[in-house]
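In what follows, a structure is listed as structure tokens, so that the remarks can point back to it.
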Amino acid sequence: MSEQHPAPAFGRGDPQRRPRRETVTYVSAHGPGAVPGPARRRPAHPPARSEIDEQTTLGHTYVRSLMRSQLRAALTALGALALLVGSLPLLLALPAPEIYVWVVLGVGVYPVVWGIAHWYVRRAERNERDFTGLVER
Amino acid sequence: MNQTYAVAAVTAVVLATVLIGALGLRISRTTSDFYVASRTVGPGLNAAAISGEYLSAASFLGIAGLVLVQGPAMLWYPVGYTAGYLVLLVLVAAPLRRSGAYTLSDFAEARLESPQARRIASLFVVGIGWLYLLPQLQGAGLTLEILTGAPDWVGGLLVALVVTGTVAAGGMRSITFVQAFQYWLKLTALLVPVLFLLAAWYGDGAPRARFDAPAVLRGHTVVEVADTVRIGLDEPLTLTVTGSVDSVPYERGTVTLAPGTHHVLAGTTLAFAPGAELPERVAGGTEPPPDSGRGDPRLDPLGWSQPLAGGRDGHQLYATYGLILATFLGTMGLPHVAVRFYTSPHGRAARRTTLVVLGLVGAFYLLPPLYGALGRIYAPELALTGSADAAVLVLPDRILGGLLGDLLGALLAGGAFAAFLSTASGLTMSVAGVLTQDVLPSRGVRHFRLATLLATAVPLAVGVVASKVPVADAVGLAFAVSASSFCPLLVLGIWWRRLTPPGAMAGLLLGGGSALVAVMATRAGLAPEGWPHTLMAWPAVWSVPLGFLTMVLVSLATPRRVPPGTAALLARLHLPEEFTGLPGESTLAEGNTGAVPAPAQEVRR
């Protein structure tokens, strides 16, 4: 976990108070040619990722958080489906001209279903991207 | 209708299927190719193949037939078939692909680490597959009977032979090409004729289809009643009868029937004068028919979906929700649908593929209701004959006639056969896969071919003796069983850590089993009239919660039986592929050699 602490050389902390840690600098570690900057080089195996690979408690927490966000997206999509399509039998049971039934069930439902699906796919992929970003940072 | 064109079209479709299958066969080299197309199928091709496989006889013929007879309430069928893919997308698509499971049995075994659970899942795969194959073969029989007058088993046999041949010879690779081709063929076959039909309808003064009143016959109409029916009349009706009405035999006798219910024996020919109101078919009802056994299924095959459109409010609403639950939740558990996800390269592609499928399937389903409405105007007497499923096929001849009508009718016949062939081959593929792995003694491609034969022979044999139910209704039964068994297994297996093998097995048996028993009992005519009949004909409303509840409660009662690998497996189901290894490789197969068929073994011809 120590790798996750910010490197002190370019941290905003007060260097005078903790002189001992100051000796480990970006330049001393990577040579004088290396350009110090906020973007550190990625380790070959990011720590969070190895937590997941090794199935530690922390790794499980990461997986759970991804599952929870994906489940939330799925339930939102299902809720929209239930609200917009699942309520139709009740609505169409009301006296209304037959043409409404034709338009709603014959045509109108399909774009709604596709729209929900499209939203879900974008949302699920974003969840995965966010997760990858979180773990590999 | 001119038989020559129709027969030519059907022959062309069958030949194209065999040829494209043979093309795939030359590409299909290894066992991996054979079963899963080596997982190199792109989203576009795969989505067209999934849609081609999914749009069965029920979609191509059945929906129009049901709409013709019972009106727009039947539009819930296509809506449910489509929305089922949305539910599948949000709950199972990507995790199912990431599980690396080839069949639902593989998923059950990998998730639960229990060979017993696998066996039970296999039973349901085969059961649902056969339940779904049956109406495909019967639909093929009906189509060929309408087109050529051949006995009704010929079409089913033809489809069974072609499918067995293609599947046994080429496996999944050729199936993918065949089915992608058949989606576009089916879409074209419905789209082109409907444009001509709508033009003719517009030129005819755009008459309105009426579903709230008896249909009016437009010309002199002769109807041969195939099954014994009861008809209801509001006004006296004069017609010419050959056969038996109300147990009185006639020979070209002119009869005036009084208002009320009349009983028409199978084989009777009724001739109506132009402008006559077509009598409504009376199904089920509260009083038993006068001289036949109560609930005899052969009495009125159309009685099945009657509650959906029928006037009794509680029944109608219940039946509609039963249909919605069955189709929304049942799609994910259909054996031929689950297999298709294995051919996507990774979970993200599986999601995107499903999105494309939703578009393709939704576009297709805009068309069949138009045929239903046109059929109500131009061929309403089909409701009496018991072959309303043929509405799509007879409309071009009825509305346009002449050479154009013949050609468009032939196109529709070809499309219908594409529908039978594609769905039947997908189902055969998955049923045969499960039979090979879990039923037959040894594995390998040769036994797979034997299993293919078995997979089609059983529903073919049953189809000859079983009573006929409209195809869309019969397919609905398979959906209900699937929704009550595999939907709880997949959803809880993917999202719930505490699922245990005893819980899953109890849920499968109780939920799926009770749905199966209910629909079988209804088909056998054992369900009493009224609410019991409605409850049993549309079991999903109670059997799906039953399946879920059983799985949850039994799992909670057996907490020690949670499989040890659950956490690792769930991580693999939900993590993007970059965390879990190479996207194309199945990690599942490593610990579980039974799940994936024999390793790369040459399958040359």
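The values are calculated or read from the model by the stated rules, or taken from the named source; none is laboratory data. Worth saying up front: this structure is predicted, and the values here are computed from it rather than measured. Backbone-built Cβ (ideal geometry, glycine too); neighbour counts: all protein chains shown.
Data table
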quantity: Condition broken by A:LEU94, with the remaining ones in (1) more than 17 Å from the chain's Cα centre (by Cα); (2) under 19 Å from B:PHE328 (Cβ atoms); (3) more than 9 Å from chain B (Cβ to nearest Cβ) satisfied; calculated: (2)
quantity: Residue count for the stretch B:227-263, restricted to those that are assigned to a strand (DSSP E or B) and in contact with a helix residue (DSSP H, G or I) (Cβ under 8 Å, 6 or more places away or on another chain); calculated: 2
quantity: Test: residue in the stretch A:109-117 that is over 18 Å from B:ARG352 (Cβ atoms) and either facing chain B (nearest Cβ under 7 Å) or among the aromatic types (Phe, Trp, Tyr) (or both); calculated: yes
quantity: Any hit, the stretch B:464-472, residues being in a helix (DSSP H, G or I) and surrounded by 24 or more Cβ atoms within 10 Å (Cβ to Cβ); calculated: yes
quantity: Lone unmet requirement of (1) at pLDDT below 90; (2) assigned to a helix (DSSP H, G or I); (3) of a type outside the set (Lys, Arg) for B:ALA150; calculated: (2)
quantity: When residues of the stretch B:169-184 are limited to those that are of a type in the set (A, V, I, L, M) and buried (at least 24 other Cβ atoms within 10 Å of the Cβ), the one modelled with the highest pLDDT; calculated: B:VAL178
quantity: Residue within the stretch B:498-520 that is buried (at least 24 other Cβ atoms within 10 Å of the Cβ) and not in a helix (DSSP H, G or I) present; calculated: yes
quantity: Residue list for the stretch B:327-355, restricted to those being within 14 Å of another protein chain (Cβ to nearest Cβ), buried (at least 24 other Cβ atoms within 10 Å of the Cβ) and either out of contact with any Leu (no Cβ under 8 Å at 6 or more places or on another chain) or within 16 Å of B:LEU489 (Cα to Cα) (or both); calculated: B:THR327, B:PHE328, B:LEU329, B:THR331, B:MET332, B:SER344, B:GLY347, B:THR353
